Amino acid sequence: MRRFLLRRLAWFALTVWAVITISFVLMRSVPGGPLSSDRTLHPSVEAAVNARYHLDWPAWRQYLQTLGPLNLDEHGLLGDRSAVFGGILALDLGPSLQHRDVSVNEIVAQSLPVSAALGVTALGWALLLGLAGGLVSALRPGTALDTTARVLSTLGLSLPNFVIASLLVLALAVALPIFPVAGWGSPAHLVLPGFALGAPFAAYVARLFRAGLLETLSQDCIRTARAKGVPWRAIVLRHALPGALVPVISFLGPAAAGILTGSLVIERIFTIPGTGSHFVAGALNRDYALAMGVTLVYTVAVYALNVLVDLAYALIDPRVELEKDA
Amino acid sequence: MSLLEVRNLRVSFATPRGSVQAVESFGVSIDAGETIALVGESGSGKSVSALALARLLPTPPARIETGEVLFEGRDLLLLGERELQRVRGKELGFVFQDPTSSLHPLMTIGEQLEEALLVHERLPRTSARQRAEWALAEVGIAEPKARLTAFPHQLSGGMRQRVMIAMALLTRPKLLIADEPTTALDVTVQASLFALLRKVQREHGTALLLITHDLALVSTFARRTLVMYAGAVVESGLTSELVARPAHPYTRALLRSVPSLSTSLDHALPVIPGTPPDPAHPALGCAFAPRCEFALTACHQRRPALVALSTSASGAAGVRVYNRRVACTESERALAAEVSS
Amino acid sequence: MSTSPRKGEWFSDATFERVAAQFAVEQVPNLWADVRRRLAARASARWSLRWLLALVLASLIVPLLPLPSPAAMALDKQPKPPVAPWVEPFNERFEPYYGELNPLDRALVSVRQRAFGEKQTGPWLGTDAKGRDTLARILWGSRTSLLVALFAALTSLTIGVAWGAIAGLARSRVDNAMMRTVDVLQSLPTIFLVIFLLSFLNAPSPTGAARSVSRETVFFLVIGAVSWLPMARVVRGQVLALRSAAFVESARTQGASTGWIVRAHLVPNVLPIVLVYLTLTLPSVILYEAFLSFLGLGVEAPNVSWGVLAADGAEAISPLATFWWLPLGPALAMGATLLALGLLGDALRDALDVKRSEA
Ligand SMILES: Nc1ncnc2c1ncn2[C@@H]1O[C@H](COP(=O)(O)OP(=O)(O)O)[C@@H](O)[C@H]1O
Ligand SMILES: [Mg+2]
């Protein structure tokens, strides 16, 4: 267990480092600085801005600065106290280049709860619909109910979330004004975007769960349970469910990553002030610090979730040995 | 009245390629405390018959077409699901072929053992646990208490099968059906498992339907034996007699293909020529006719029923055979050939 | 069709193994005929194939069709609703403005002009706020999706398959290194990095000089770069499983050369799973493109893609005025295509029995 966590931590550090480095290289390898679109700036103003954000530093110093509290001054020594931010190792994502007086930390702190609420709603929809659909399908295979659930899940898998969003808004916000078209503030604002974001994953969960249940229910050990006289309901709940949930649980990691990705689009469609819309805006406006900060936050979130999934996996299946295949 | 009386059980499977007649006619009668062996090559319908009589086959694809399964006078095929559940696991225990897949991989041994007690006897958890521990001890598992919290994958194959036996016997069933309980195991543990089965069976007075293809074992174990071929019982009788004087050509062939230590290596082991029939395309006549050395033209045209071997027939062969039922019109010749050889 | 029992439907028993072994040898030559028959027997697979073929054909010959130009604008300020084909089948208002076209398309367009002149279809699916014909834009937009799919298929089939096969066949150290690379690449939040990259390329260059790499090139490179990873993983898994499979071992003990084993055993047994994974890769790549285009990071105007159209459609929704045809058209086109790919993939997986051979 400890070794598993340590190993995952090492991988995690490696991934974060790779993300930072790759983003850094990408950003620097593109011609023009972050402020180059502000062509109206007076050269002296620009110089001042550059100085403030250390854009005048050599690349290696900027890199170290980005990484952490390793502020080397020109003489290669520690201790440039004038550094504007502490670096990622100090959990300081630096100042936003676009919103001049706000730090990335503040932006993230403000918008992350919004995105988290959206993401949790989406995951909730995905699990609720997916598990219910899969259960119904698997317990009544071949019936009309099963067919309906499977058609719906195939549809859900083949429509991009923004298409689902558009259609939902057309139907449930415009034609029948039940939910708000867009915006943020009340729980009602969460319903449509959460559904649109979660629907493709619900479809996938339904498939996984149906297949998982059918598979576990056809195993020999279920026959043993029936031979013991265990009632059917207990067989489904106690004997089949845990095994059938394993594929669903291992899908939660990729699903979370997908939901985060999808939120970039959904937040935009529904004008939700979440982290995703800040990321898109940041990227489009070449706000390095903001874009990189959000990327890192999302990397951490997905990574943490994956570790949780692996732990849950080991909890369900005693045959899984965490140390072996971390 | 016998404990279990199965008559004319017919089971088919719906497959994408049409219906497959897996069991064509199965019947058996078991008295309390009695041991009966069911033998036959694989695919002959032994497992399907055993599962069908407790309605353990998934339907669909399986379908029980006809039959009566009288267990203590009640027809299991007519019982409601609830009542049936009270019979399964309580009166009727099962031990399956492969203990590895038959035990639930995600539940502890203890949980799986206790389950039957919780379901059938509504015991409090602690006493169920106590009983489970005793049961493990009874089947010869060392440190039973510690094993309760183990998972199946932490035990050896032989231990797993012991757990299965303990599980089946926990509720003191009147009948135990063991479907090739040692086929999936090492030869070395087979003997000890059979000794165990025999011991617990004696102690509890449990009747046993033992499915096997180990004919050598059958003769020491079961008083009576049933031979199945292609979904039908083709011969039944007292084991000692049946082994000594098979009246069905298939039984005869089966017995001859059993290797023994005395079989010298320069003689090829006699094998039954040909292959078992395809259950998707049942033959018109006797299913064994195409492989039978005694087959006449008539054998290919009409299927013989399982009837008592008449004393005159056995007498003509020069032996006296009791209580034998055979599904073969040429049993007289087969018997005679056996006697003269 | 053989009457051999398929494994899994039966109790596993020595007989079945024996029978199965007989047929495993016999089935390989007519595996593909069998697959074709099973696919043809499935209505969903037939219709999916028809739809995909029609789409590919339409996107190839779209410059030849008497459609309006997808780029020609009419300054209507308001999207125009669809007009049924039987109300206004054609009109004579064709405007040959296409923006930049490659030489081949230019030639095709001039053929179209000679053949149909001013004639063009009516606004069967309506027009957008700039007066551009929705049907024409959907059909031209399909080219982007299909091109992306083609590109991803090529990288999956070349890099992905080669990488996976080499890793699977190589000794464990090489294998380890190769798969760790895949792991790292897969655990990177690629979409964010991609957005990064594309958005930087998106910004106007400070000097106003032409960029050395066009954004579209990068776009394709990026999609190619991410699409081969799952394929590599799957192929490696299959190759590893096959390497220790009984029939390969027996071929080896009989002295078959590696080349022969690869040709006779590996390729035919890896192909099914590769095909099935391709049907999974293509939809995800089409979605990827749509997703990036939706964010304004995909193709550049006057080029068009389904993602761009969906974004326009989403923007056109407001409680005040419903321009329902703008989101609906691309939604249906994309939905139908992805559905077709999904159904085809399911059918293929069943026909090839991939899940079982994977286990
Ligand atoms: N799930 C199934 N689907 C179709 N046929 C089956 C299935 N299970 C068993 N059978 C048929 O039942 C016959 C008997 O099988 P089985 O009872 O397992 O044989 P045995 O236990 O004697 O080795 C097989 O030959 C096969 O034709
Ligand atoms: Mg069997």
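Tabulated data for the structure shown
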item: Positions within region A:173-231 being of a type in the set (D, E, K, R) and in contact (Cβ under 8 Å) with a residue 12 or more places away in the chain, in sequence order; result: A:ARG207, A:ARG210, A:GLU215
item: Every residue from region A:258-268 that is within 7 Å of another protein chain (Cβ to nearest Cβ) and buried (at least 24 other Cβ atoms within 10 Å of the Cβ); result: A:LEU264, A:VAL265
item: Region B:47-75: number of residues that are within 14 Å of chain C (Cβ to nearest Cβ), more than 10 Å from ligand 2 (Cβ to nearest atom) and of a type in the set (Gly, Ala, Ser); result: 2
item: Scope region C:312-332; condition among the small types (Gly, Ala, Ser) and out of contact with any Ser or Thr (no Cβ under 7 Å at 6 or more places or on another chain); matching residues; result: C:ALA316, C:SER318, C:ALA321
item: So B:SER44, is it closer than 24 Å to B:VAL243 by Cα, more than 16 Å from ligand 2 (Cβ to nearest atom), at pLDDT below 90 and out of contact with any Cys (no Cβ under 8 Å at 6 or more places or on another chain); result: no
item: Filter result for the condition that a residue is modelled with pLDDT under 85, touching a helix residue (DSSP H, G or I) at 6+ places or on another chain (Cβ under 8 Å), open to solvent by less than 60 Å² (accessible area, probe 1.4 Å) and more than 8 Å from chain A (Cβ to nearest Cβ), over B:GLU138, B:GLU133; result: B:GLU138
item: Test: residue in region B:125-139 that is away from ligand 2 (no atom under 16 Å from the Cβ) and assigned to a strand (DSSP E or B); result: no
item: Subset of region B:154-179 [within 16 Å of ligand 1 (Cβ to nearest atom) and open to solvent by less than 10 Å² (accessible area, probe 1.4 Å)]; result: B:ILE177, B:ALA178
item: Of all residues in region A:141-158 being open to solvent by less than 40 Å² (accessible area, probe 1.4 Å) and under 28 Å from C:PHE291 (Cα atoms), the one that is nearest to the other protein chains (Cβ to nearest Cβ); result: A:SER158
item: Candidates B:ALA14, B:ALA32, B:ALA37, filtered to the one that is among the aliphatic types (A, V, I, L, M), more than 10 Å from ligand 1 (Cβ to nearest atom) and open to solvent by 50 Å² or more (accessible area, probe 1.4 Å); result: B:ALA32
item: Lone unmet requirement of (1) farther than 30 Å from B:LYS199 by Cβ; (2) open to solvent by 20 Å² or more (accessible area, probe 1.4 Å) for B:VAL20; result: (2)
item: Any hit, region B:152-160, residues being under 16 Å from the mean Cα position of the chain (by Cα) and small (Gly, Ala, Ser); result: no
item: Condition check for B:VAL87: within 16 Å of ligand 1 (Cβ to nearest atom) and either crowded, with 20+ Cβ neighbours inside 10 Å or within 9 Å of chain A (Cβ to nearest Cβ) (or both); result: no
item: Hits in region B:91-105 - residues which are surrounded by 20 or more Cβ atoms within 10 Å (Cβ to Cβ) and at the interface with chain A (Cβ under 7 Å from one of its Cβ atoms); result: B:PHE94, B:PHE96, B:ASP98, B:SER102, B:LEU103, B:HIS104
item: Residue in region A:276-288 that is outside any helix (DSSP H, G or I) and open to solvent by 20 Å² or more (accessible area, probe 1.4 Å) present; result: yes
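The values are calculated or read from the model by the stated rules, or taken from the named source; none is laboratory data. Keep in mind that this is a model prediction, so the values were computed, not measured. Glycine gets a Cβ as well: all are built from the backbone with ideal geometry, and neighbour counts include every protein chain shown. These accessible areas exclude ligands, DNA and RNA; they are computed on the full protein's heavy atoms, side chains included. Shrake-Rupley method; radii C 1.70, N 1.55, O 1.52, S 1.80 Å.
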